[in-house]
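Below: the structure, in structure tokens.
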């Protein structure tokens, strides 16, 4: 990073914002400036270890870099509100995996450099995310000046940055949703099914850990097609039909999901090796 620390303002400081700001504060990559986060700015500043909590957009001072880490639906409005404050042009970015930097048009039109950076990891618990962030792939898109600055900043805290086309962000983010966000949903269904049987409650967590960890390890090491197991993968359609019938009596919506996923599993089993590319050791 540059020798002179840049001031970073944060608008919306939830789990992603807190994690990134804490990492940048600890690395001295940025000097944390003002933090605006409804009902939680003071707690965010405490977690970050630096910065000044403010309670309104009007209270934000000028900064070199602005991070908008609000929910997706509030990003554009936040950019418009910042633009109304007539701050000197700076660099601004948001962390949405779905939206491109064009959502910051209100500031771009005023001469600001803009980008979006999406860290591809779960931020369910900021404290855990701090320890897990190193090596996280981060997709960047935006104007050249913003990309250069932010690539340096993210690499300073251990990110692995890659260029991401704004036109492809919806599909890119859908991939992340399938890879991560639906996993808890499937595990919740499995636990509810175990609760409906005679499996002791004390074993639910152990079953989840054993099956989930082994499945994830096999996908990474062998690729999805080779890691696939179960009746659909074996072509045992009789079992698939009988399980579907049992599930339909238990919960029709989950039965419908089972049928669709079984069809996809059957198709995957017929495909070739889809093993992901693993970087070779140097």
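The values are calculated or read from the model by the stated rules, or taken from the named source; none is laboratory data. Note that this is a predicted model, so its numbers are computed, not measured. Glycine gets a Cβ as well: all are built from the backbone with ideal geometry, and neighbour counts include every protein chain shown.
Yes or no: the stretch 47-54 includes at least one residue that is over 19 Å from residue 105 (Cα atoms) and under 21 Å from the mean Cα position of the chain (by Cα).
Yes, there is a match, as at least one residue in the stretch 47-54 is over 19 Å from residue 105 (Cα atoms) and under 21 Å from the mean Cα position of the chain (by Cα).
Does any residue of the stretch 144-157 turn out to be under 23 Å from residue 93 (Cα atoms), exposed (fewer than 12 other Cβ atoms within 10 Å of the Cβ), free of Cβ contacts under 8 Å to residues at least 40 places away in the same chain and not assigned by TED's automatic domain parsing to the domain that holds residue 251? Let's see the steps before the verdict.
Our first condition is that a residue be under 23 Å from residue 93 (Cα atoms); within the stretch 144-157, this holds for 144-157.
With the extra rule that they be exposed (fewer than 12 other Cβ atoms within 10 Å of the Cβ), the set shrinks to 144.
Going one step further and asking which of them are free of Cβ contacts under 8 Å to residues at least 40 places away in the same chain, we end up with 144.
Applying the additional criterion that residues be not assigned by TED's automatic domain parsing to the domain that holds residue 251 yields 144.
The answer is yes; a qualifying residue exists.
For the stretch 162-195, give me each residue that is in contact (Cβ under 8 Å) with a residue 40 or more places away in the chain and outside any helix (DSSP H, G or I).
164
Got a number for residues in the stretch 214-230 being surrounded by 14 or more Cβ atoms within 10 Å (Cβ to Cβ) and either under 23 Å from the mean Cα position of the chain (by Cα) or part of a helix (DSSP H, G or I) (or both)?
9
Every residue, every condition in (1) surrounded by 12 or more Cβ atoms within 10 Å (Cβ to Cβ); (2) part of a helix (DSSP H, G or I), yes or no:
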residue: 208; (1), (2): yes, yes
residue: 212; (1), (2): yes, yes
residue: 233; (1), (2): yes, yes
residue: 243; (1), (2): yes, yes
residue: 256; (1), (2): yes, yes
residue: 260; (1), (2): no, yes
residue: 271; (1), (2): no, no
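Being touching a residue at least 12 places away in the same chain (Cβ under 8 Å) and loosely packed, with under 14 Cβ neighbours inside 10 Å is the filter here; which residues of the stretch 85-105 pass it? Explain how you work it out, then say what you get.
First, the residues of the stretch 85-105 that are touching a residue at least 12 places away in the same chain (Cβ under 8 Å): 85, 87-105.
Those that are touching a residue at least 12 places away in the same chain (Cβ under 8 Å) and loosely packed, with under 14 Cβ neighbours inside 10 Å: 85, 88, 89, 102.
Name the residue, out of 107, 60, 23, 84, that is under 17 Å from the mean Cα position of the chain (by Cα) and over 22 Å from residue 174 (Cβ atoms). So that I can check it myself, show each step before the final result.
Values: 107 fails: under 17 Å from the mean Cα position of the chain (by Cα); 60 fails: under 17 Å from the mean Cα position of the chain (by Cα); 84 fails: under 17 Å from the mean Cα position of the chain (by Cα).
Answer to the check: 23.
Do we find a residue being surrounded by fewer than 17 Cβ atoms within 10 Å (Cβ to Cβ) and farther than 30 Å from residue 182 by Cβ anywhere in the stretch 65-73?
No: the stretch 65-73 contains no residue that is surrounded by fewer than 17 Cβ atoms within 10 Å (Cβ to Cβ) and farther than 30 Å from residue 182 by Cβ.
All but one of (1) at pLDDT below 95; (2) under 17 Å from residue 18 (Cα atoms) hold for residue 181, so report the exception by its number.
(2)
Scan the stretch 125-144 residue by residue and report those that are closer than 14 Å to residue 17 by Cα and in contact with a helix residue (DSSP H, G or I) (Cβ under 7 Å, 6 or more places away or on another chain).
Residues satisfying the conditions are 126, 129, 130, 133.
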